[in-house]
1. Using a 10 Å cut-off around each Cβ of peptide B:33-41, what is the average number of partner chain Cβ atoms that fall inside?
2. When chain B is turned about an axis onto chain A, which of its residues keeps its C-beta closest to that axis, and how many Å is it?
3. Among A:60, A:156, what is the fewest-to-most ranking by other Cβ atoms within 10 Å?
4. When chain A is modelled as a GNM with alpha-carbon springs shorter than 10 Å, which of A:319, A:126, A:181 fluctuates the most?
5. Please average, across the residues of A:126-135, the number of beta carbons from any other chain that are within 10 Å of each residue's own beta carbon, and give a whole number.
6. Counting pairs of alpha carbon atoms under 8 Å apart in space and at least six apart in sequence, what relative contact order in percent does chain A give?
7. When the chain is fully extended, how far beyond the present Cα-Cα distance does residue B:83 get from residue B:271, taking 0.36 nm per residue of separation?
8. Going by alpha carbons, how many degrees (0 to 90, nearest 10) lie between the helix axis of A:267-286 and the longest principal axis of chain A?
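Bear in mind these aren't lab numbers, they're just calculated from the coordinates by the rules spelled out. These numbers come from a predicted model, not from an experiment. Note that each Cβ is placed from the backbone with ideal geometry, even for glycine, and that neighbours are counted across all protein chains shown.
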């Protein structure tokens, strides 16, 4: 919760925090302002005090919507800070001590500003933190019902669009070589499907700023391959569809994956799917409030290892096949945030009340041309129930409406 | 041009440059990779050498599309650099000298990494630059025909969507109080229009990550107000429509503004429009290759000042009415980049061959409930002609198809 910041600052021995950058697509700034067209802003927060936001005078009315204390300046606030560090720090009463620095912005400019600050206030210590564990990663970890409702709404939008995609592709005609055809008789490509996804998300007030993963065959075996737009859609190949849209304007995200095989499944792919599904179910059955997230990663690694798959716990170096990632991650204003589930993550990555997190086991065999992942997002309700934030069927084989296996 | 980087590094006495962050929505990284789903990457470039990109092993195939030399690591490269600064710097042969740092990413993580680097290589100087004038701002300043063609394509998409918006709103029914009505009889809001804009852009492979400005009446008098989604669309009010979409995946932008008054115009608004239009035309008639961009800002300030408007050149402090901004800016992988046109900008902000830039004079009177801006984007062709990259009519009053002034 944002109200945790004061205590977290105290625990980290921070006398102030500074957030740099835009209000949109910049989680720490968005956390304070709730978005808005506020560019290259500078925010200061001291323990027990309301945050103060320096904004460009042209954007003062946008900034005032945040309810923060606003100080308009006649240029970009980042520029203003670089040119007047002494004035601003004096205004804010920050002349010594430790100041945490945050925000998604231009790092060259940030380093330039830090240099100017050090020139005029050498006794000030500017503190950077590992991005997986910044003070904001801790503050944001627990979501209240209002935040969870926003993620849930994105979940509704996401699954609605996924359903439309399933309906669209299974309605296609199929060529003799099992390639799907569009209405005009030309082959359906990954790029065609992705255009529909963007469109349908936009219609519902969601954006896929970072795109989505819609990959088939060998690409499905590479967990972060987004799919080749020119690849043709075919029957009987694994299709990994990982979609993580956010609210337009840079707010909360959802994260969701299904793996499909159109018309029929190769027996080896079906086996892979069944394994992933089995492990997924086992994790869900065992989810407990306050449990250490990595315990489930260990469970999954052990299970997959028993079945002969490589895992991050049982292999060294860069993995290219088997179970090559961790089980899930927190989700909110960042697509990836605390809690973390790597088997090496610290013990404080727990499924605390308010945590919103993904569960997404997968198995990947690029050389065999296949990959499988199943993912849903959950909210740990204060009553200890892990609520799946959107429902969607787990079918692997999607029957084609106008095609039958001979 | 990216090929200018070697000479620019030499001129700035930089022994290497490092770029941090994703390949999408991160102009310096995109400049090297051409986009792609490559997250939290680290790129090194030394004079005369090909850039080297550290990527997450899961994203190696995405990274390989860039044609750069790829080094996959088993975690996020930013994390890898924070944990193994000595190893990576030794691999890259960077142990002393000046290293420029760039990229849009998490500044807390960047500062954390810089600290780790300084611990192991205290003799290394990490250099941050004013974001308006980084080495990339100079390298990117001149666009070749291929880059200009991409901006031009976005211009075509932009003006097509603007035309659709004009057609849509002028087709509406009008209530007795001059409020526009939707097909279902309810009032048309700014939010409704913006949803259509996002949708029509998405259909054409463009995204408005930062939204657009579609503001009416008083909000039109605040140049950076994006418009209140609940405001109703009405006749006879100035509507500032500033739209700056980019290629999906974080590539090149276009930037464009028209001001409209639906059905009829208040005489005072028409006068304001005519003034802005007159100044706009005067600037365009006088555009010369290699001219100092700020000379046109001075021309505009003098002209507006003569007509009794406040301008940044003729007034002190924060301006809230009159001509409150500068004439234009460069445009490319950033919506705002070099050359700059503030009257205080350095003399090297010239309209060089290859420059892509906006011309966008405006006048704002929020207390009178009106504002006007006209903007197009131009490419300074190598032959010395300033080519307007998209054509669109300059009509101020848009007649309503089903309404006539009584």
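1. 2
2. Output: B:202, 2.
3. A:156, A:60
4. Among A:319, A:126, A:181, the largest GNM mean-square fluctuation belongs to A:319.
5. Numbers: counts 4, 4, 12, 5, 10, 13, 6, 3, 4, 1.
Neighbouring Cβ atoms belonging to other protein chains average 6 per residue here.
6. The value is 15 percent.
7. Gain on stretching residue B:83 to residue B:271: 61.4 nm.
8. 50 degrees
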